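Since the structure comes first, as structure tokens, the remarks are kept for the end.
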Amino acid sequence: MHNKALEEHQLASRKPLTGHLIELRKRLLWSVLVMAIGTAVCFLFVDDIYGFLVRPLAQAMGDSDTRRLIYTGLTEAFFTYLKVAFFAGIFLTFPVLLVQVWLFVAPGLYKAERRAFLPFLIATPVLFFLGGACVYYVVMPTAWPFFLSFESRGADTVLPIQLEARVSEYLDLVMTLIFSFGLCFQLPVILTLLGRVGLVSSAWLAGMRKYALIVAFIVAAILTPPDLASQVLLAVPILALYEISIWLVRMSEKGRDGQAS
């Protein structure tokens, strides 16, 4: 009798785990399906997406019939277009992927916890898109003219130095920058969540400002092209977001202290 009761208890404890795994698989399948549909739709407009991503370089190059992007492998352009479509599909469906995460996590949260977590869910894609916009409208128009300034005429260097950029290398760089900035812009979400669970405090974050300054420029040096302007253009927003994070954590602490009293 005791063994039968123990088996029933073990079976009951396994059911929630099995249900969570089934739910997780369903959410993952939905995420993959949405990503695949987004990629397919973006492939239909891949020429427009390519034109959008290459426009900052074209503007930096100026009007000239000799300006172009090249590919050196027979299949390079095709697979580059696939990569661009996949990148654009993920970028555009990112909010949907977050919704799937929310639908998986929300049932296990109390009402107050869901209300507290929802603003972070909304802020995540907004900050991600802001990071991408910062790359496109600020970093690239500043960095590309700097790199093109190293071109020269034959009269200056015996043989001319002219950019013949591969389309795959250029788009890989652009996509890496956009995703890197998008992830770096998640700093307020991450630190505020850590503050809510008590792993960090506003006083501790304020005391770490000098280290945050160093880390911001190290991260900027790794993620951006090797010029000072691009590094500053990433490091400054990271530091601004760090200060915003301190303020958000402080507000969270005040709210928690108010509830406790």
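The values are calculated or read from the model by the stated rules, or taken from the named source; none is laboratory data. For clarity, every value in this text was computed on a predicted model and none was experimentally measured. Glycine gets a Cβ as well: all are built from the backbone with ideal geometry, and neighbour counts include every protein chain shown.
Every residue in region 209-228 that is more than 20 Å from Phe150 (Cα to Cα) and not hydrophobic (A, V, I, L, M, F, W, C), please.
Correct list: Arg209, Lys210, Tyr211.
Restricting attention to region 32-80, which residues are of a type in the set (A, V, I, L, M), over 21 Å from Met140 (Cβ atoms) and touching a Leu at 6+ places or on another chain (Cβ under 8 Å)?
Selection gives Val34, Met35.
What tally of residues in region 179-216 results from selecting those that are closer than 19 Å to Val236 by Cβ, in contact (Cβ under 8 Å) with a residue 12 or more places away in the chain and over 18 Å from the mean Cα position of the chain (by Cα)?
5
Please verify whether region 219-234 includes one or more residues that are surrounded by fewer than 20 Cβ atoms within 10 Å (Cβ to Cβ), out of contact with any strand residue (DSSP E or B) (no Cβ under 6 Å at 6 or more places or on another chain) and farther than 30 Å from Gly62 by Cα.
Yes, there is a match, as at least one residue in region 219-234 is surrounded by fewer than 20 Cβ atoms within 10 Å (Cβ to Cβ), out of contact with any strand residue (DSSP E or B) (no Cβ under 6 Å at 6 or more places or on another chain) and farther than 30 Å from Gly62 by Cα.
For the subset of region 77-96 comprising residues that are crowded, with 18+ Cβ neighbours inside 10 Å and aliphatic (A, V, I, L, M), which member is nearest to Val54 (Cα to Cα)?
Out of the qualifying residues, it is Val84.
For region 55-76, name all the residues that are surrounded by fewer than 17 Cβ atoms within 10 Å (Cβ to Cβ) and assigned to a helix (DSSP H, G or I).
Arg55, Ala58, Gln59, Glu76
Condition first: of a type in the set (A, V, I, L, M), more than 24 Å from Glu76 (Cα to Cα), surrounded by fewer than 20 Cβ atoms within 10 Å (Cβ to Cβ) and within 25 Å of the chain's Cα centre (by Cα). Can you find one or more residues in region 135-158 that meet it?
Yes, region 135-158 contains a residue that is of a type in the set (A, V, I, L, M), more than 24 Å from Glu76 (Cα to Cα), surrounded by fewer than 20 Cβ atoms within 10 Å (Cβ to Cβ) and within 25 Å of the chain's Cα centre (by Cα).
Restricting the first residue to region 238-255 and requiring it to be in contact (Cβ under 8 Å) with a residue 12 or more places away in the chain and more than 14 Å from Val215 (Cα to Cα), which pairs with a second residue that is surrounded by 14 or more Cβ atoms within 10 Å (Cβ to Cβ) and basic (Lys, Arg) meet a Cβ separation below 6 Å and a spacing of at least six or different chains?
Ser252/Arg196
Hey, can you tell me all the residues within region 86-141 that are of a type in the set (Gly, Ala, Ser) and within 30 Å of Pro56 (Cα to Cα)?
Within region 86-141, Ala88, Gly89, Ala123, Gly131, Gly132, Ala133 qualify.
Would you mind telling me which numbered condition in (1) closer than 22 Å to Leu24 by Cα; (2) out of contact with any Ser or Thr (no Cβ under 8 Å at 6 or more places or on another chain) Leu98 fails?
(2)
If the Cβ limit is 8 Å and pairs must be 6+ apart or interchain, which residue in region 157-172 that is at negative phi pairs with which residue that is aromatic (Phe, Trp, Tyr)?
If the second residue must be aromatic (Phe, Trp, Tyr), the pairs left are Ile161/Phe150; Leu163/Phe147; Arg166/Tyr71; Val167/Tyr71; Ser168/Tyr71; Ser168/Phe79; Leu171/Tyr50.
In the set Phe52, Phe91, Phe79, which member is modelled with pLDDT under 90 and within 18 Å of Thr176 (Cα to Cα)?
Phe91
Would region 45-52 turn up any residue that is within 29 Å of Glu151 (Cα to Cα) and either outside any helix (DSSP H, G or I) or touching a His at 6+ places or on another chain (Cβ under 7 Å) (or both)?
No, region 45-52 contains no residue that is within 29 Å of Glu151 (Cα to Cα) and either outside any helix (DSSP H, G or I) or touching a His at 6+ places or on another chain (Cβ under 7 Å) (or both).
Before we move on, is Leu33 modelled with pLDDT of 90 or more and farther than 30 Å from Arg166 by Cβ?
yes
Might you check whether a residue that is touching a helix residue (DSSP H, G or I) at 6+ places or on another chain (Cβ under 8 Å), β-branched (Val, Ile, Thr) and at pLDDT 85 or above occurs anywhere in region 213-221?
yes
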